[in-house]
1. Out of the residues in segment 88-104 meeting the condition of being within 20 Å of THR50 (Cβ to Cβ) and among the aliphatic types (A, V, I, L, M), tell me which one is surrounded by the fewest Cβ atoms within 10 Å (Cβ to Cβ).
2. Could you tell me which residue of segment 56-85 is farthest from the chain's Cα centre (by Cα), considering only residues that are farther than 29 Å from ALA205 by Cβ and outside any helix (DSSP H, G or I)?
3. Of everything in segment 38-51, what is assigned to a helix (DSSP H, G or I), surrounded by fewer than 21 Cβ atoms within 10 Å (Cβ to Cβ) and among the small types (Gly, Ala, Ser)? Give them in sequence order.
4. Given the residues TRP55, TRP29, which is the only one that is in contact (Cβ under 8 Å) with a residue 12 or more places away in the chain and out of contact with any Leu (no Cβ under 7 Å at 6 or more places or on another chain)?
5. For MET193, state whether it is touching a Lys or Arg at 6+ places or on another chain (Cβ under 9 Å), closer than 30 Å to GLU2 by Cβ and of a type in the set (A, V, I, L, M).
6. Could you please tell me which pairs satisfy a Cβ distance under 6 Å, a separation of 6+ or placement on different chains, a first residue in segment 126-138 that is surrounded by fewer than 18 Cβ atoms within 10 Å (Cβ to Cβ), and a second residue that is among the aliphatic types (A, V, I, L, M)?
Amino acid sequence: MELVWVLPAVLAPVDWYAVARGDRRIETWAKPATVVGLIVVALVLGAADTSAGLWLIVALAFGLAGDVFLLGDSDTRFRLGLAAFLVGHVAFVVSFVRLGLDPAGWAWAAWAVLFACLLATRQVAPATYLRSGWALAAPVGLYTIVIGAMVIVAFDTGDPTIAVGATVFAASDSILAVNRFVRPFPWAPVAVMVTYHVGQALIVAGVLAAT
């Protein structure tokens, strides 16, 4: 049954290749297909049998919706994608709480992660406000708070795999925000997808191992 991990492991590099080449035709199906692969992994490995696992599936499902919305470039689709991922992060928080919180001695490191992310994205808030006013700045600010909570709770599970997964996921969102609103980097689109998929895969593996 563990061989089911081959599915997202094959699909993710296809998406990374498409993003690197700017091949929107392949990216359109490979991007959501990778998260579908992670959902299949979760289901096959018994996530639906536990409360934490069910919330994990909910989180992945909203991430899938967010992926579809973010295939477009408009601010409207960005806001819809942001909303979907926001709900997904709330579901991740619930999943982690359902696992039971038992902070390890290194749980304080979550605050170091958040400080690093805030430092890297310090220009995003004013940039979003200048671009579209509070219509965009407010949702981005709320999303920042929610993903910060997700990182803190991930570390509070005491599970290193979940903690690292949440950290990598937060790094992905930080790169995306800076690239989209502050300054574009040629390497950013691929970095966003690699960290996004790796982060989610680590979270799935951590939750499944802990249930």
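Each value in this text was obtained by applying a stated rule to the coordinates, not by laboratory testing. Every value quoted in this text rests on a predicted model; they were computed, and no experiment measured them. Ideal geometry is used to build each Cβ from the backbone, glycine not excepted, and the neighbour counts take in all protein chains shown.
1. Let us first name the residues in segment 88-104 that are within 20 Å of THR50 (Cβ to Cβ), namely 88-102.
Adding the requirement that they be among the aliphatic types (A, V, I, L, M) leaves 90-91, 93-94, 97, 99, 101.
Working: VAL90: 17, ALA91: 21, VAL93: 20, VAL94: 18, VAL97: 15, LEU99: 24, LEU101: 13.
Out of the qualifying residues, it is LEU101.
2. Of everything passing the filter in segment 56-85, SER74 is farthest from the chain's Cα centre (by Cα).
3. Residues satisfying the conditions are ALA48, SER51.
4. Matching residue, one of TRP55, TRP29: TRP55.
5. Spelling it out, MET193 is indeed touching a Lys or Arg at 6+ places or on another chain (Cβ under 9 Å), closer than 30 Å to GLU2 by Cβ and of a type in the set (A, V, I, L, M).
6. Pairs that qualify, where the first residue is surrounded by fewer than 18 Cβ atoms within 10 Å (Cβ to Cβ) and the partner is among the aliphatic types (A, V, I, L, M), are TYR129/ALA137.
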